[in-house]
1. Please pick out the residue among 4, 73 that is surrounded by fewer than 16 Cβ atoms within 10 Å (Cβ to Cβ), out of contact with any strand residue (DSSP E or B) (no Cβ under 8 Å at 6 or more places or on another chain), in a loop (DSSP other than H, G, I, E, B) and in contact (Cβ under 8 Å) with a residue 24 or more places away in the chain.
2. When residues of region 14-47 are filtered for being touching a helix residue (DSSP H, G or I) at 6+ places or on another chain (Cβ under 8 Å), in a loop (DSSP other than H, G, I, E, B) and under 17 Å from residue 2 (Cα atoms), how many remain?
3. Just give me the residues in region 35-45 being farther than 15 Å from residue 16 by Cβ and surrounded by 11 or more Cβ atoms within 10 Å (Cβ to Cβ), in sequence order.
4. Residue 39: more than 12 Å from the chain's Cα centre (by Cα), at pLDDT 95 or above and closer than 18 Å to residue 8 by Cα, yes or no?
5. For residue 24, indicate whether it is under 15 Å from residue 72 (Cβ atoms), free of Cβ contacts under 8 Å to residues at least 24 places away in the same chain and more than 12 Å from the chain's Cα centre (by Cα).
6. Filter region 55-70 for residues that are in contact with a strand residue (DSSP E or B) (Cβ under 9 Å, 6 or more places away or on another chain) and assigned to a helix (DSSP H, G or I); which is surrounded by the most Cβ atoms within 10 Å (Cβ to Cβ)?
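The values are calculated or read from the model by the stated rules, or taken from the named source; none is laboratory data. None of these values were measured; they are calculated from a predicted model. Quick reminder, even Gly has a Cβ in these numbers, built from the backbone with ideal geometry, and neighbours come from all protein chains shown.
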């Protein structure tokens, strides 16, 4: 991925993940793998976590302690 140097990487990654959620590429209950995203976007895990946190604050992602982060049900996002 080519990053815009004027914007934080986590925001750009959050945009990509948001698009994947909205398009259905990541359906409800899809579990995010921080390790996979870290590798895919070539960033540190803390950057991936910031992106997921932003999506959680939007209600697109839910995180369950000890289980991980998942795409929220469509019904719960309304």
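1. 73
2. 2
3. Once the filter is applied, which keeps residues that are farther than 15 Å from residue 16 by Cβ and surrounded by 11 or more Cβ atoms within 10 Å (Cβ to Cβ), region 35-45 yields 44, 45.
4. Yes.
5. yes
6. 55
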